[in-house]
Amino acid sequence: MSTSERPTDTKSLLARLDGAAAYTLTLTDRWDVSPSLIGMRLEGDLSTLHPLPGNDLMFGIPDAGGDGTFRRRYTIRSINHEADSLELWVDRIPGGPGALWAEKTPLGSLVEAIGPRGQVVLDPMADWHLFVGDLSFISAAYAMAEAIDPPGQALFVLEIPDPADAVLPELDDHIGVTVCFVERSERSLDDPSGLIRSLDVLEFPRDDGHVYVGGELHVVAALKHYFGERAIPGDALHTKPYWRLGVSNLPHGEPKKD
Ligand SMILES: Cc1cc2nc3c(=O)[nH]c(=O)nc-3n(C[C@H](O)[C@H](O)[C@H](O)COP(=O)(O)OP(=O)(O)OC[C@H]3O[C@@H](n4cnc5c(N)ncnc54)[C@H](O)[C@@H]3O)c2cc1C
């Protein structure tokens, strides 16, 4: 059975996802982080949820007419165990069921979340960390960057649709920071050239670094190739496609690969 055909009901997911549990959460707040980013607060009993920065949850999206097994994945931007709450940052895009859920679900609604999930987490041995991607990746990038032990170095090259989306992470004062926001302008969402032009003029720090890439499938593939050419070793590069232009993510939440 291919990955895309695996069942997405709660029991099957819990049987196959090591270390994951199901949580029933209530949507308690929603706000604009920026013009294109929706902030969401969800609350519930989180006493057994201990994600690594960069981990995500798989949400059961009440897809119109669906059977409750339609999933979308969103990165945990932050978790507060004292308040039993967590935050998500969701890219405001037209149309898809995940984006619709993020934008329109009434406060007080319940949602099932399964996790923690995710392989892209901070490399604790790296001296510097470079995060590259689009707004769907900003939650993961900032959650990981905020976990860097000082004196480390965080570099960001992030493509944004609107200059007002240039929101910053909350980093320790002793972390060196370089941030480059690339405005998308008229470029297509699967065009990596804006990010690559900015990376071309970025000098990587000395010592050992780690590069993390997340976003549109073709952009992520192009960047994987790019970093190979810039001699970033494979074990210092984590790439993760989050979505695919023109193609809905599959019912288990991953973008469709060819
Ligand atoms: C591990 C993981 C973690 C993720 N974390 C986050 C997160 O923290 N925040 C976040 O916003 N997203 C995140 N995503 C992406 C998210 O799961 C969905 O893919 C996204 O919200 C779109 O889902 P949808 O159901 O609205 O659209 P879909 O049904 O998947 O797609 C509908 C249409 O919208 C287009 N589309 C989808 N995503 C985008 C986009 N970002 N920009 C422009 N067009 C798009 C598609 O190409 C398609 O044409 C993550 C994905 C993965 C795999």
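Tell me, yes or no, whether segment 172-191 has at least one residue that is out of contact with any Lys or Arg (no Cβ under 6 Å at 6 or more places or on another chain) and at positive phi.
Checked segment 172-191: at least one residue is out of contact with any Lys or Arg (no Cβ under 6 Å at 6 or more places or on another chain) and at positive phi.
Give me a count of the residues in segment 110-165 that are within 14 Å of the ligand (Cβ to nearest atom) and of a type in the set (D, E, K, R).
Going through segment 110-165 one residue at a time, the tally reaches 5.
Going by what's in this entry, would A83 be described as part of a loop (DSSP other than H, G, I, E, B), closer than 16 Å to T26 by Cα and assigned by TED's automatic domain parsing to the domain that holds M40?
Spelling it out, A83 is indeed part of a loop (DSSP other than H, G, I, E, B), closer than 16 Å to T26 by Cα and assigned by TED's automatic domain parsing to the domain that holds M40.
Give just the number: which of (1) within 16 Å of the ligand (Cβ to nearest atom); (2) touching a residue at least 60 places away in the same chain (Cβ under 8 Å); (3) in contact with a Gly (Cβ under 9 Å, 6 or more places away or on another chain) does P205 not satisfy?
Checking P205 against (1) within 16 Å of the ligand (Cβ to nearest atom); (2) touching a residue at least 60 places away in the same chain (Cβ under 8 Å); (3) in contact with a Gly (Cβ under 9 Å, 6 or more places away or on another chain), the one that fails is (1).
Given the conditions (1) on the phi > 0 side of the Ramachandran plot; (2) within 18 Å of the chain's Cα centre (by Cα), and given that G108 satisfies all but one, which numbered condition is not satisfied?
For G108, the failing item is (2).
Condition first: of a type in the set (D, E, K, R) and either more than 16 Å from P251 (Cα to Cα) or in contact with a helix residue (DSSP H, G or I) (Cβ under 8 Å, 6 or more places away or on another chain) (or both). Now tell me which residues in segment 72-115 satisfy that.
R72, R77, E82, D84, E87, D91, R92, E103, K104, E112, listed by residue number.
Give me a count of the residues in segment 151-176 that are in contact (Cβ under 8 Å) with a residue 24 or more places away in the chain and either of a type in the set (K, R) or closer than 28 Å to R117 by Cβ (or both).
Of the residues in that region, 17 qualify.
Filter segment 186-199 for residues that are touching a helix residue (DSSP H, G or I) at 6+ places or on another chain (Cβ under 9 Å) and not polar (S, T, N, Q) and give the result.
R187, L189, D190, D191, P192, L195, I196, L199, listed by residue number.
The values are calculated or read from the model by the stated rules, or taken from the named source; none is laboratory data. A quick note: this is a predicted structure, and the numbers were derived from the prediction, not measured. A quick note on method: Cβ atoms are made from the backbone with ideal geometry, for glycine too, and the neighbour counts reach across all protein chains shown.
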